[in-house]
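Read through the structure below, which is laid out as structure tokens, and then see the notes.
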Amino acid sequence: MNLRDLRYLVALAEHKHFGRAADASFVSQPTLSTQIKKLEDELDVALVERTPRKILLTEVGREIAARARGVLDEIEQIRAIARRTRDPEAGTLRLGIFPTLGPYFLPHVVPALRKRFPRLEMLLVEEKTEVLLESLRAGRLDAAILALPVPDDQLHAEELFDEPFLLAVPSGHPLAGRKSLKVSELADQSLLLLEDGHCLRDQALDVCHLAGASERDGFRATSLETLRQMVAANVGITLLPLLAVKPPVAQSDAIRLLPFQGEAPSRRIALVWRRSSAKNAFLSAFAAQLRALPEELGVSLR
């Protein structure tokens, strides 16, 4: 048994297709298939259930693949320790971020990150929170920028900032003339929300429950930009995070943005990584740089 064969098995578990797993492993399909068969012979168990249309791992195959992911992650940690010893701020950082933050946060921090860590290569992955957490636990990501809470004792969260929400209403809406409003004034309002799987949907629902508001029936957006366009088209009202309305995002005359009075509803953003990571010291320094946002953005830890 060798690490190469374990990587082939993990690739097959992820792609469930010999051809795609081979492409991801940069080998030919016959090579990958042969090595999987050799691994089965060595272990004297069937790892793969081969059907005409798809590939399924057997129960023992799934268990061994899960263990193999852990082994490969530990190997990567060993290599990371060696790289960090040579140069703690060089190498590659695989960083995840969720879609309702990435396009609005990264333009404000990437230039400073490049200046602070000039030898660092950042590989950015934008996905929904659950996908990022799965990749983080499996070792496919080094860290992820997520909204708290993250209920996992195996992960460390370094808090970065609190991002307030604003109420976005059409320019002709009864609330459009207000300069600000209380959360309680959302009572009996129906809000446009994102589809399932977006953490912003859950955060907005928390605000709705707090204020006595509800979700607008029959509509769920796939992105913040869809929500923004629906408000501009006078379809309804919604909550938008503060960074999503800051330059360089273009403003629309068809939308009025209303801040909340007092302690505004918000989401807390953190840099999250595995407690077992060999990059702990570096990631703490990376988080400190992420936290150094311009004051005019209006986001900080409360």
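The values are calculated or read from the model by the stated rules, or taken from the named source; none is laboratory data. Please read these numbers as outputs of a predicted model, since none were measured by experiment. A quick note on method: Cβ atoms are made from the backbone with ideal geometry, for glycine too, and the neighbour counts reach across all protein chains shown. In case anyone asks, the SASA skips ligands and DNA or RNA and just uses the protein heavy atoms, side chains included. Shrake-Rupley method; radii C 1.70, N 1.55, O 1.52, S 1.80 Å.
If you scan region 1-57, which residues turn out to be in a helix (DSSP H, G or I), basic (Lys, Arg) and over 23 Å from Ala138 (Cβ atoms)?
Filtering region 1-57 for residues in a helix (DSSP H, G or I) gives 3-15, 18-25, 29-43.
Okay, now just the ones that are also basic (Lys, Arg), so 4, 7, 20, 37-38.
Answer for region 1-57, where residues must be in a helix (DSSP H, G or I), basic (Lys, Arg) and over 23 Å from Ala138 (Cβ atoms): Lys37, Lys38.
Please state which one of Glu163, Glu158 is more than 10 Å from the chain's Cα centre (by Cα) and either aromatic (Phe, Trp, Tyr) or closer than 30 Å to Glu185 by Cβ (or both). Spell out how you get there, then give the answer.
Working: Glu158 fails: either aromatic (Phe, Trp, Tyr) or closer than 30 Å to Glu185 by Cβ (or both).
It is Glu163.
Out of the residues in region 182-192 that are of a type in the set (A, V, I, L, M, F, W, C), buried (at least 17 other Cβ atoms within 10 Å of the Cβ) and not in a helix (DSSP H, G or I), state the one that is nearest to the chain's Cα centre (by Cα).
Once the filter is applied, the top-ranked residue is Leu192.
One residue is enough: does region 88-96 have a residue meeting the conditions touching a residue at least 40 places away in the same chain (Cβ under 8 Å), over 14 Å from Ala278 (Cα atoms), of a type in the set (Lys, Arg) and surrounded by 13 or more Cβ atoms within 10 Å (Cβ to Cβ)?
No.
Does Gly61 qualify as being open to solvent by less than 50 Å² (accessible area, probe 1.4 Å) and modelled with pLDDT under 95? Before the answer, list the steps.
Working: open to solvent by less than 50 Å² (accessible area, probe 1.4 Å): yes; modelled with pLDDT under 95: yes.
When the stated conditions are applied, Gly61 passes them.
Being part of a loop (DSSP other than H, G, I, E, B) and within 30 Å of Leu239 (Cβ to Cβ) is the filter; apply it to region 67-100 and report the residue that is farthest from the chain's Cα centre (by Cα).
Thr100
Give region 67-87 a look and list any residue that's without any contact (Cβ under 8 Å) to a residue 40 or more places away in the chain and open to solvent by 50 Å² or more (accessible area, probe 1.4 Å), or say none.
Arg67, Glu74, Arg79, Arg83, Thr85, Arg86
Looking at region 109-116, is at least one residue part of a strand (DSSP E or B) and either open to solvent by 70 Å² or more (accessible area, probe 1.4 Å) or in contact (Cβ under 8 Å) with a residue 12 or more places away in the chain (or both)?
Within region 109-116, not a single residue is part of a strand (DSSP E or B) and either open to solvent by 70 Å² or more (accessible area, probe 1.4 Å) or in contact (Cβ under 8 Å) with a residue 12 or more places away in the chain (or both).
Here is a yes/no grid of residues against (1) open to solvent by less than 10 Å² (accessible area, probe 1.4 Å); (2) closer than 21 Å to Ala144 by Cβ; (3) not hydrophobic (A, V, I, L, M, F, W, C):
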| position | (1), (2), (3) |
| --- | --- |
| Arg216 | no, no, yes |
| Leu258 | yes, no, no |
| Arg268 | no, yes, yes |
| Val272 | yes, yes, no |
| Arg275 | no, yes, yes |
| Phe282 | no, yes, no |
| Leu290 | yes, yes, no |
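When only residues in region 147-172 that are open to solvent by less than 40 Å² (accessible area, probe 1.4 Å) and part of a loop (DSSP other than H, G, I, E, B) count, which is farthest from Thr238 (Cα to Cα)?
Asp152
Take region 193-213 and flag every residue that is open to solvent by less than 50 Å² (accessible area, probe 1.4 Å) and either in a strand (DSSP E or B) or under 18 Å from Thr100 (Cα atoms) (or both).
Leu193, Leu194, Gly197, His198, Cys199, Leu200, Arg201, Gln203, Ala204, Leu205, Val207, listed by residue number.
Taking the condition of being modelled with pLDDT of 90 or more and under 25 Å from the mean Cα position of the chain (by Cα), how many residues in region 231-253 meet it?
Final tally of qualifying residues: 9.
In this structure, does Pro103 turn out to be part of a helix (DSSP H, G or I) and not hydroxyl-bearing (Ser, Thr, Tyr)?
yes
Please state which one of Leu297, Leu301 is more than 30 Å from Ala80 (Cα to Cα) and either of a type in the set (Ser, Thr, Tyr) or touching an Asp or Glu at 6+ places or on another chain (Cβ under 7 Å) (or both).
Answer to the check: Leu301.
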